[in-house]
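Novice: Attaching a single structure in structure tokens format; questions to follow.
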Amino acid sequence: MLESELTKRIRIALSKEGGLWVKVHGGKYQVTGLPDLIGCYQGRFFGLEVKLPGKEGTLTPRQKHILEQINESGGKATMVTSVKQAVDFVRELAKIDPPSNEWLIPGWVTRRARERLSRPTRVISLDFSEVYSPTERGDRR
């Protein structure tokens with residue numbers, strides 16, 4: 001079985017559970033290292049990096065960093081090697097770790113705008129500077 005076939009099976013199984021699940025297709029205009037599947041289930045953001053069984057050691061440093069960034073930012077991310085593992089991960093976290101009532105707000109939103117929101121907020125910052133250098137992004141400065 002190819003990794004793309006496993007990813008498709010996982011996406012279909014998770015879609016049956018509910019929520020929104022999307023396959024991320026990499027490209028030259030996209031941040032590298034994003035998980036293969038991203039989704040929102042019961043108010044929680046998930047990122048799943050799909051690897052074939054036996055290929056668990058092929059996670060790149062960039063993929064590891066992005067998974068850590070998602071987890072540190074309040075989402076849930078991991079590497080999975082089977083449909084059952086993916087579904088169990090999502091079900092278990094949805095059951096034992098319900099989403100908080102606070103909104104995660106990007107750091108560039110002004111303090112005044114945050115004060116007008118009706119829920120508690122927490123400012124987050126996704127730092128991709130460790131993921132790639134400016135030359136890898138194509139910046140020629």
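The values are calculated or read from the model by the stated rules, or taken from the named source; none is laboratory data. Just so we're clear, the structure is a prediction, and the values are computed from it rather than from any experiment. Don't worry about glycine lacking a Cβ; one is built from the backbone with ideal geometry, like all the others, and counts go over all protein chains shown.
Novice: Could you check, for region 56-66, whether at least one of its residues is among the charged types (D, E, K, R), in contact with a strand residue (DSSP E or B) (Cβ under 8 Å, 6 or more places away or on another chain) and at pLDDT 95 or above? Please lay out each step first, then the result.
Specialist: Pass one, region 56-66, residues among the charged types (D, E, K, R): 56, 62, 64.
Restricting the remaining residues to those that are in contact with a strand residue (DSSP E or B) (Cβ under 8 Å, 6 or more places away or on another chain) gives 56.
Filter again for at pLDDT 95 or above, leaving none.
No; the residues of region 56-66 include none that is among the charged types (D, E, K, R), in contact with a strand residue (DSSP E or B) (Cβ under 8 Å, 6 or more places away or on another chain) and at pLDDT 95 or above.
Novice: Cβ-Cβ under 8 Å, sequence separation 6+ or interchain: first residue in region 1-18 and touching a residue at least 40 places away in the same chain (Cβ under 8 Å), partner in a helix (DSSP H, G or I) and of a type in the set (Gly, Ala, Ser). Which pairs?
Specialist: Ile10/Ala86; Ala13/Ala86; Leu14/Ala86
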